[in-house]
Amino acid sequence: MTLPHPVPFCVANSARSQMGEGIARLFPNLRIQSAGSRPSHVNPYAIEVLAEQGIDASTHTSKSVQDIDPATVDLVITPLRRRGLRPLPGQGRAPALAHPDPASDDPALYAR
């Protein structure tokens, strides 16, 4: 069975997509990479939350979607609310799974 090559995608590639990459790496036969349209840095809270689950993301880096060859991608997953987003040239629409941005400055998101 051939597994898909998914790419979790968000703007900064700092939290949600990094967490998706970290969780997906639990499946050793799954090729995974994450990316963002404006990469910045990996959010330390994302690293901390993954570590609490036994997932080491300490070596993750924030990557640009420009660094990904679209021919190597089978599925783009985005937590953005913009349905129909096409983050990679030649790719179809990405499924949009609306989740609050944990990199937000809104302290209410951390109070849950």
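The values are calculated or read from the model by the stated rules, or taken from the named source; none is laboratory data. This structure is a prediction, so every number in the text was calculated from the model and none was measured. A quick note on method: Cβ atoms are made from the backbone with ideal geometry, for glycine too, and the neighbour counts reach across all protein chains shown.
The rows are residues; the columns are (1) surrounded by fewer than 17 Cβ atoms within 10 Å (Cβ to Cβ); (2) not in a loop (DSSP other than H, G, I, E, B).
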position: N13; (1), (2): no, no
position: N29; (1), (2): yes, no
position: I32; (1), (2): no, no
position: P39; (1), (2): no, no
position: D56; (1), (2): yes, no
position: V76; (1), (2): no, yes
Looking only at residues in region 41-54 that are touching a residue at least 12 places away in the same chain (Cβ under 8 Å) and among the hydrophobic types (A, V, I, L, M, F, W, C), which one is surrounded by the fewest Cβ atoms within 10 Å (Cβ to Cβ)?
V49
Could you count how many residues in region 59-74 are surrounded by 10 or more Cβ atoms within 10 Å (Cβ to Cβ) and not in a helix (DSSP H, G or I)?
8
Consider region 35-78. How many of its residues are in contact with a Gly (Cβ under 6 Å, 6 or more places away or on another chain) and at pLDDT 90 or above?
3
